[in-house]
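Right, one structure below, let's go through it.
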Amino acid sequence: MPNLRVLTFTALAALGLASMPVLGAENPAEEAQEKPIQLSQVPQAAVDAGEKALGGKATEAKVMEQNGQQVYELERKDASGKERGVHVTADGKVLKKEE
């Protein structure tokens with residue numbers, strides 16, 4: 001029976017990993033339209049909401065157009081060095097988090 005337990009555990013672990021989204025993967029079309037900008041060019045409401053969602057100070061900013069509105073991507077590295085990102089509208093609505 002130990003082999004059945006190992007097989008069951010392995011199958012469940014593989015299923016769990018296969019069902020996880022790819023972290024940090026972006027849509028290539030979306031990435032192609034991103035334009036790097038200075039953080040000072042990002043509306044304050046977007047910076048405030050983005051930094052709250054990121055859990056710290058943003059270090060990079062990009063702008064793109066989605067559905068006829070400007071969307072800002074703010075990024076920072078966490079304590080472990082992993083890059084985190086968030087997409088926000090000019091008025092501070094968080095649209096997407098990237099981890």
Within region 40-62, identify whether any single residue is exposed (fewer than 15 other Cβ atoms within 10 Å of the Cβ) and at pLDDT below 90, and answer yes or no. no
Taking into account only those residues within region 65-96 that are loosely packed, with under 13 Cβ neighbours inside 10 Å and touching a residue at least 24 places away in the same chain (Cβ under 8 Å), which is nearest to residue 46 (Cα to Cα)? 91
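The values are calculated or read from the model by the stated rules, or taken from the named source; none is laboratory data. All of these numbers come straight from a predicted model, not from anything done at the bench. No Cβ is skipped: glycine too gets one built from the backbone with ideal geometry, and neighbour counts run over all protein chains shown.
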